[in-house]
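S.K.: Shown below is the structure under consideration.
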Amino acid sequence: MNIAVCVKQTADTESRPVLGNDQSHVTDKGLVWIINPHDESAIEIAIKLRDQHGGTVTLIALGPDRVESSLRQGLAMGADQAIHLHCEIMPEDSFIVSDVLATSIQTDDYDLVLTGEVAIDGAGGQVPQRLGVLLDWPCITGVEELSVESGELTARHPIEQGDEIHNCKFPAVIGVNRRIGEPRYPSFKGIMKAKRKPIEKKAVSPASPQLQTDSLELSTPRSEGKILIYKEGVAAEVVTLLRDTSKVI
Amino acid sequence: MFKILVIAETAGEDLTTSTLEVCEAAAVLSSSLGESWGMLVPDHATEAAGKVAPDVMSLGVGEDRYPGAGQVASMIAQVVESTDIVIMAATSTGKDVMGRLAQHLSVPLAQDCTGFEVVSGEIKFKRALYGGKVVVRVKLSGRPMMASFRPRSFTPIASSGGFVKAVTCTVNRVTPKTSVHLQAKAVSERPDVTEASIVVSGGRGLRGPENWHILEDLLDALGPDAALACSRPVSDDNWRPHSEHVGQTGRAIAPDLYIAVGISGATQHVAGIARSKCILAINKDPDAPIFKVADYGIVGDLFEVVPALAAAIRDTS
Ligand SMILES: Cc1cc2nc3c(=O)[nH]c(=O)nc-3n(C[C@H](O)[C@H](O)[C@H](O)COP(=O)(O)OP(=O)(O)OC[C@H]3O[C@@H](n4cnc5c(N)ncnc54)[C@H](O)[C@@H]3O)c2cc1C
Ligand SMILES: Nc1ncnc2c1ncn2[C@@H]1O[C@H](COP(=O)(O)O)[C@@H](O)[C@H]1O
C-alpha cells in the first residue's frame, strides 16, 4: 500500500506570534517549528499501516526551506521518502495549498492520502475535503480510528450527534485527528537513517491567496482575575460575583 | 434566488441552535448589504425553516436522512449558482460540507469564523489563528463568498411566527463514495458543549470517573443550560466520552461561563476555552496556569469547593 502523508510545518502552541511592522503578517520571529500535531499522528498511522500491509510512506510538505527539518523528523520516525514542494513563503490559503498538493499527488501512484484535519496555526480546516473533490476520491475527515481489511477501509469520525462510521475502497483521502494515536519519538537509529533517506525537492509557485488578509491583530491576553483562597464564605462570594458582577448565572 | 444563503443543519424536524445563530448572521448581513436572504433545508425540516427565514428552498432528500457530507455537498453545488454568500455553522458536519462545497465551486472558504464586519459594502470575516492568539480579518475573492461560523458567535434568531412558502428544488443524486451510518449517542437532556451557555469541565484532579457526580450535582444546581466537558487526559483514559473533550485537539467552545475543576490549564487546553466570556477555575495549586486566564479563581480542594459552590448557588436562587 503506497501512502502519502501531507505534512504542514506549523508554529508550536507555546510560541508567541509577533506581527510584522505593517501588521499584515505574522513574522517567523520567535516561533518554534513543529510538525502539525494532527499530521504527526497521521505519519504514525501511515507507518503502522505500511508495516502491516507493505508499501511505502511518502511525506509531502509545501513551504519554504525551513519545512525540511520537519520532513527529516518524519523520516526519522520511519517514513521512507519525502517530497519538498518548495516555495518562498508558506501559503496560508488552503484553497491554493490543496491545488498544489493535488497536482503533486496525481503525478504518483498512491492508495491512500493522509492529512491532518486542521493546521493548528492557520486553522484552514479544509485541505482533506478539497483533496477528496480534486482527486475525485472518497474522503473522510476528523478520523479518530482507522482500519484496513481485505482492501476496504473503515473509519470512525465523531460528530456532535455521535459517531459516523464510514466504509470505502481505495484510493481515499483521510483527514485525521491527533486522537487517532500518539506519534512515536524518532529513535537514535531512526535519526541516523533519516539522514540518508531521499528528499526530492521540486520548485512550485502557488497562486496568490484568494482568502486575503485585511488586517491582523494579537488578541488581548485575558487579564488575571480575582483569585481567592478557599475558606468559609468564599463559595457564596464567588456566586455573588458570577451573578451580580459578571451576570453569567 | 436569494443572495445570501444559509445551509441548514437539522435535528429531527427542527433546526439546530447553531443554524439559528447563522440565520441571525444572515439577517444582519442582509440588512447591512440590502440583499435578500434565505435558507436551504432538507425537506423534512421545511416547516421549521419557514418560521425563521424569509425564503426557503427545500431539498428533497427522500428517505435517506443521513446521506453524509460528500453527497450533501454535491447536491448543494447544483443549486447555489446565483447566490453571493453561502454560510453554515462550523460544526463537524458544517465544516465537512463547506470544505467540499467550496472545492466543487472552486472558491475560497473562510472556515470557523467568529464574526464579520461590513465596511462600505465590503465584508470582512473574523477568524482566530494560532489557537486564538491572533485575530485575522479576511476578504474573499470569488463568488459565492463562503464562510462557516463557530457555534455561539451569534445569538439565535427569533422565530417570526409566520410560515413562508417554500420552493422545492430537485437535484441529481450522486453515487456516494463512502457508505456511512451514524451511531447516534444517547439522547441527553443537556445541550451539546458547543451550544451550552455554562460549561463545567473536569480534569485529572478529579482522580477518577467515579467522582464525576460532584460535577453533575453542580450542573444540576446551575440549571438546564449547563453541559459537561473535560480535559484531554480524562477522555483519553475513558473516564468521560470523547465528545466532551475541549482544547486544541478537541472542541472549541465559547460559553458565558466556563468552570474548570482540577484542570491545570495547559496551553492546548486553553486554546479551546479562551473565548469563554467568564472563566472560574478551581484548583488546589495556587501556581496552576489556569489561574492566569481565569476571571475568578478558588484555590482549594475541589472535593470541598465544588459541593460548597453548588450549595451556595442553590441557597441564593
Ligand atoms: C499535541 C497536543 C495536543 C493536546 N490537546 C489537548 C486538548 O485539546 N485539550 C486538553 O485538555 N489537553 C490537551 N493536551 C494535553 C495538555 O498538554 C495537558 O496535558 C492536559 O490538558 C492536562 O490535563 P489536566 O489539566 O486534566 O491534568 P493535569 O495537568 O494533571 O492537572 C490536574 C490539575 O488538578 C489539580 N488538582 C489535583 N487534585 C486536586 C484537588 N483535590 N483539588 C483541586 N485541584 C486538584 C492539580 O493541581 C493540577 O493542576 C494536548 C497535548 C499535546 C501534546
Ligand atoms: N503547506 C502544506 N504542506 C503539506 N500539507 C499541508 C500544508 N498545509 C496543509 N496541509 C495538510 O492539510 C491539513 C489541513 O490543513 P488546513 O486545511 O490548512 O487546516 C494539514 O493537517 C496537512 O496535513
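The values are calculated or read from the model by the stated rules, or taken from the named source; none is laboratory data. Please read these numbers as outputs of a predicted model, since none were measured by experiment. Cβ coordinates were reconstructed from backbone atoms using ideal geometry, including for glycine residues, and neighbour counts include every protein chain displayed.
S.K.: Taking only the range B:245-264 into account, find how many residues are away from chain A (no Cβ under 11 Å), surrounded by fewer than 24 Cβ atoms within 10 Å (Cβ to Cβ) and not polar (S, T, N, Q).
M.R.: Within the range B:245-264, residues that are away from chain A (no Cβ under 11 Å), surrounded by fewer than 24 Cβ atoms within 10 Å (Cβ to Cβ) and not polar (S, T, N, Q) number 1.
S.K.: Can you run down the residue pairs with Cβ atoms below 6 Å, 6 or more apart or on separate chains, where the first is in the range B:274-303 and under 21 Å from B:Arg251 (Cβ atoms) and the partner is away from ligand 1 (no atom under 11 Å from the Cβ) and among the hydroxyl-bearing types (Ser, Thr, Tyr)?
M.R.: B:Ser276/B:Tyr258; B:Cys278/A:Ser246; B:Ile279/B:Tyr258; B:Leu280/B:Tyr296
S.K.: Taking the range A:222-249 on its own, how many of its residues are within 8 Å of chain B (Cβ to nearest Cβ) and either within 30 Å of B:Val134 (Cβ to Cβ) or touching a Pro at 6+ places or on another chain (Cβ under 6 Å) (or both)?
M.R.: 8
S.K.: With A:Leu75, A:Leu101 as the choices, which residue is crowded, with 21+ Cβ neighbours inside 10 Å, away from chain B (no Cβ under 14 Å) and either over 17 Å from the mean Cα position of the chain (by Cα) or more than 16 Å from ligand 1 (Cβ to nearest atom) (or both)?
M.R.: Testing whether each residue is crowded, with 21+ Cβ neighbours inside 10 Å, away from chain B (no Cβ under 14 Å) and either over 17 Å from the mean Cα position of the chain (by Cα) or more than 16 Å from ligand 1 (Cβ to nearest atom) (or both) leaves just A:Leu75.
S.K.: So which residues in the range B:141-159 are in a strand (DSSP E or B) and within 16 Å of ligand 2 (Cβ to nearest atom), if there are any at all?
M.R.: Those that are in a strand (DSSP E or B) and within 16 Å of ligand 2 (Cβ to nearest atom): B:Met146, B:Ala147, B:Ser148.
S.K.: Within the range B:96-118, track down each residue that is outside any loop (DSSP other than H, G, I, E, B), of a type in the set (A, V, I, L, M, F, W, C) and more than 7 Å from every other protein chain (Cβ to nearest Cβ).
M.R.: Across the range B:96-118, the qualifying residues are B:Val97, B:Met98, B:Leu101, B:Leu105, B:Cys113, B:Phe116, B:Val118.
S.K.: Given the criterion free of Cβ contacts under 8 Å to residues at least 60 places away in the same chain, closer than 21 Å to A:Val248 by Cβ and of a type in the set (A, V, I, L, M), identify the matching residue among B:Val246, B:Val234.
M.R.: None of the others qualify; the one that does is B:Val246.
S.K.: Please go through the range A:138-154 and give me each residue that is more than 7 Å from every other protein chain (Cβ to nearest Cβ) and within 11 Å of A:Leu112 (Cβ to Cβ), ordered by number.
M.R.: Scanning the range A:138-154 gives A:Leu146, A:Val148, A:Leu153.
S.K.: Which condition number does A:Gln81 fail, the rest of (1) farther than 15 Å from A:Lys197 by Cα; (2) surrounded by fewer than 18 Cβ atoms within 10 Å (Cβ to Cβ); (3) of a type outside the set (Asp, Glu); (4) touching a Pro at 6+ places or on another chain (Cβ under 8 Å) being met?
M.R.: So A:Gln81 meets the others, but not (1).
S.K.: Can you name every residue in the range B:265-296 that is farther than 19 Å from B:Lys133 by Cβ and either within 7 Å of ligand 1 (Cβ to nearest atom) or more than 27 Å from the chain's Cα centre (by Cα) (or both)?
M.R.: Once the filter is applied, which keeps residues that are farther than 19 Å from B:Lys133 by Cβ and either within 7 Å of ligand 1 (Cβ to nearest atom) or more than 27 Å from the chain's Cα centre (by Cα) (or both), the range B:265-296 yields B:Ile282, B:Asn283, B:Lys284, B:Asp285, B:Pro286, B:Asp287, B:Ala288.
S.K.: Still on this structure, please answer the following. Looking only at the range B:285-317, which residues are within 9 Å of chain A (Cβ to nearest Cβ), modelled with pLDDT of 95 or more and part of a loop (DSSP other than H, G, I, E, B)?
M.R.: If the condition is that a residue be within 9 Å of chain A (Cβ to nearest Cβ), modelled with pLDDT of 95 or more and part of a loop (DSSP other than H, G, I, E, B), then B:Pro286, B:Ala294, B:Asp295, B:Gly300, B:Asp301 are the ones that fit.
S.K.: Failed condition for B:Glu216, given (1) in a helix (DSSP H, G or I); (2) facing another protein chain (nearest Cβ under 10 Å), with all others met?
M.R.: (2)
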